[in-house]
Amino acid sequence: MIPQVNDIVIIEEDGHKSSWPMARITEVGSRSAKMITGKTNRLIERPFKKIYPLEVRPSVSSEIKTTPTTTSSSTQALPMNPQAIPLQAAHEQPIAKRTRSSRILLSSTTLSLVVVFCLLHSVTATETLDGFTPQHKTAGTSIVDIWNTISSLVTDIAIHLGYSVMFLGIIATLYCFSILLHVTDLVRILVHWMVTLLRKLISTVIRKCRIPRPSKPVTRTIVMLHFVLLVYGCNDVNHARSDETVCYNRNAEGNGTHMECVINSVSLINVRSTGSITCLHFGDAQQPVLTLKIESDAISTSCQKNTLFFSRDFKLDYEYIQRCDMKGSCSEKQCTTLDPDQDLPELSNLAKSKPGFTGCLPGCGCVNCGCLFCDPSCLFYRTYATPTSNTIYEVFHCPSWTPKLRVKITINNSSSTTTNLSPGVRYMIPGTNISLTAIGLVSPPISAHSANYIHARSPDGQLLWTALTFNPAASPGTPTKGFVGELMCPTNSDAEDFNCQFDNALCRCVGFSTSVQCICRHQKMKDFQLKNKLPFTSSNHQIKFNDETEQVEIDSTYDGVMGIQVDAINASVSRFTEISRCVTTQVETFNGCLSCHTGVKLHLKCHSSVKTSTLVTCSDFHANIACGPDSPTTDLQFHVKAVGLQSSSPSTIAINCSSDCGHRVEFVVRGTAAPNPAFLLQNELKIMGRTILGSANIMTTNWLRVMNYRDLRLLV
């Protein structure tokens, strides 16, 4: 049978019969026909043997003939006239109107019933379709054809629903997996902290129970005095003497001028800068008219102050807030163009009124983070400083120092006076015709000359304390982490108003999901008071603050030799020396630390028949201490550099020394030295308290913040 134009046919394909498409014939050829498919509306051409009509319109004059078949399932075929009446237009045919858009109108209840019906009858439908063979002589649309069409539609709907359910199942599985990862990470951190705490506890118990073993290391010590010598003996010093005749032309009232000539005695003595005692007799050596005792105390240098900046005690806090993309101040380029002091309305006025830095970090987007769009959100945060006390700190250094030699002058063993001799400046002893002049006075190299100093003052300007530090100071106007001046103020008034700035590197902030975590570390100015508060005594100098001159002074006990010129008018000079035996003993075992600035403290006492000073020598150091029948205990401070000393426990040290004030006497000092405490301190990370201004996370905020790292630290 040759199909006609506008016939509705089924096209044979390679797949199952239930998936064969339907089409409407538009043009009939000799062996094939052109047609338009119902689903894709494409124009295709197929041979007649691949086309099966669904319905045809019989002619009016044709007679219906019944042809019985031999099978039990016989059907009646209508003979078709080639000149059949044209069929209805495609838009009037019920099957042609069945498009995909009509499926969307089905309600959810109808779709559910259709899915259940399809699942229950899928086997039956498959068997029926497999047993159905289309006939070219079909007179119209049969029930099987309608069933096939409905089954095709229901199968398509079921397939799409299956894909949707599978996609939602994958999303739910990933979501549950992410929750499992967070819980596992928290458990891992908790176990790590518990193990760390247990290890520290065990190590502490072992360290307390460990008994230090004595060791005999090879030591190098540098020891000097830091006390005022109270001695009355005379040391053997180098003395060069010469006489000169000096004539003066004087004016006499009414008699014109006359010349007077006198004989001056000039003595040049070489003394040590500390502990050296020189005794001079003026007049007859057997019956001197005047005795002069010159005792050198120390080389004193005065600081010429230069203020660098001011500072305050402070603490660091931070706050943050999340904003989704295109909401509030958050935009595509906001995080890359944000200024450190930009005024964001999302931040609190407290944070913006304090010195600090504003930053932005990328956060998560999408619905699980409370955002409509999946573009990264903005995590705005600000770290800021707040004062913790009213103390104002002045940081200064000394670009130059003025040296002077401090000496104690005793006349006839009765009256004494202490004065500072400036280099090249003559000092006339009151009530005498004797003058002293320091020659070759050189300030020794001392590390404290290059140190930085700190004044702590109350708000009313009263000086509370002064300290020094060997930490380098930051350049004025550029606060630097790890330097003195992590927070600096230009002037004293700015420090009072807390108009200061700090280094942004003091805080390290990390953003994740919808939160920001900042770790901040900084120095505390008040800690310098605990370490190096003045007066401060080191191995070879003593640093103090002179309240009268308001200057920092360093008394150096550097064991150097310098010259003092003694001029006596019209007098002869002779030198006197006492030789004695000095026995030095250790009062108590010393203690201190290895390779640290404070070193160890040594307590010595010297005994001799007369009051004098003795030279103590231990390895490569030399120092003078007072000695006599009832001399006081001398406190020494020295540094110990050891080879092979234990670094984890205190070490026992023995040092061979000698005392010499005319006769050499040997003695031994013993003590213990602990490791440098700076290497035993644990690195403490302080996580500052945080302020959460807001969060747009609706779905995950609660379970993500059930336990955070800060709660875990507090728990441990």
*May I ask you to list pairs of residues, at least six apart or on different chains, whose Cβ atoms are under 7 Å apart, with the first in the range 607-623 being in contact (Cβ under 8 Å) with a residue 12 or more places away in the chain and the second being basic (Lys, Arg)?*
608/581; 619/220; 620/220
_Leading residue by the ranking (nearest to the chain's Cα centre (by Cα)) among those in the range 243-291 that are at pLDDT below 70 and of a type in the set (Asp, Glu)_ = 284
_Considering residues of the range 342-360 that are loosely packed, with under 11 Cβ neighbours inside 10 Å and in a loop (DSSP other than H, G, I, E, B) only, the residue modelled with the highest pLDDT_ = 345
*Would you check if residue 369 is free of Cβ contacts under 8 Å to residues at least 12 places away in the same chain and more than 30 Å from residue 293 (Cα to Cα)?*
no
*Within the range 618-634, which residues are surrounded by fewer than 16 Cβ atoms within 10 Å (Cβ to Cβ) and within 49 Å of the chain's Cα centre (by Cα)?*
619, 620, 622, 633
*Mind telling me which of the residues 381, 393 ends up being among the aromatic types (Phe, Trp, Tyr), touching a Phe, Trp or Tyr at 6+ places or on another chain (Cβ under 6 Å), buried (at least 16 other Cβ atoms within 10 Å of the Cβ) and over 30 Å from residue 280 (Cβ atoms)?*
381
*Kindly establish whether residue 449 is closer than 30 Å to residue 524 by Cβ and touching an Asp or Glu at 6+ places or on another chain (Cβ under 8 Å).*
no
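Here is a yes/no grid of residues against (1) crowded, with 21+ Cβ neighbours inside 10 Å; (2) among the aromatic types (Phe, Trp, Tyr); (3) not in a loop (DSSP other than H, G, I, E, B):
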residue	(1), (2), (3)
417	no, no, yes
430	no, no, no
437	no, no, yes
442	no, no, no
448	yes, no, yes
453	yes, yes, yes
467	yes, no, yes
476	no, no, no
480	no, no, no
*Taking the range 585-602, which residues are buried (at least 16 other Cβ atoms within 10 Å of the Cβ) and either touching an Asp or Glu at 6+ places or on another chain (Cβ under 8 Å) or assigned to a strand (DSSP E or B) (or both)?*
586, 590, 592, 593, 600, 602
*Number of positions in the range 612-637 that are modelled with pLDDT under 75 and within 29 Å of residue 293 (Cβ to Cβ)*: 2
*Just a yes or no: is a residue in the range 150-170 within 20 Å of residue 513 (Cα to Cα) and outside the structural domain of residue 18 (by TED's automatic domain parsing)?*
no
*Of the conditions (1) without any contact (Cβ under 8 Å) to a residue 40 or more places away in the chain; (2) farther than 30 Å from residue 454 by Cβ, residue 575 fails just one. Which one is it?*
(1)
*Which residues, taken from the range 378-402, are within 22 Å of residue 510 (Cα to Cα) and either over 26 Å from the mean Cα position of the chain (by Cα) or among the basic types (Lys, Arg) (or both)?*
382
*When the range 292-337 is examined, which residues are found to be closer than 26 Å to residue 478 by Cβ, at pLDDT 90 or above and of a type in the set (A, V, I, L, M, F, W, C)?*
303, 308, 309, 310, 314, 316
_Hits in the range 491-519 (condition: closer than 21 Å to residue 391 by Cα and either of a type outside the set (Gly, Ala, Ser) or not assigned by TED's automatic domain parsing to the domain that holds residue 387 (or both))_ = 491, 492, 494, 496, 497, 498, 499, 500, 501, 502, 503
*Residues of the range 24-56 being among the charged types (D, E, K, R) and either surrounded by 15 or more Cβ atoms within 10 Å (Cβ to Cβ) or free of Cβ contacts under 8 Å to residues at least 40 places away in the same chain (or both), which ones?*
24, 27, 31, 34, 42, 45, 46, 49, 50, 55
*Criterion violated by residue 530 - all others in (1) assigned by TED's automatic domain parsing to the domain that holds residue 322; (2) farther than 30 Å from residue 364 by Cβ; (3) aliphatic (A, V, I, L, M); (4) surrounded by 13 or more Cβ atoms within 10 Å (Cβ to Cβ) satisfied*: (4)
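The values are calculated or read from the model by the stated rules, or taken from the named source; none is laboratory data. Everything quoted here is computed from the prediction, not taken from an experiment. Every residue, glycine among them, receives a Cβ derived from its backbone with ideal geometry; neighbour counts consider all protein chains shown.
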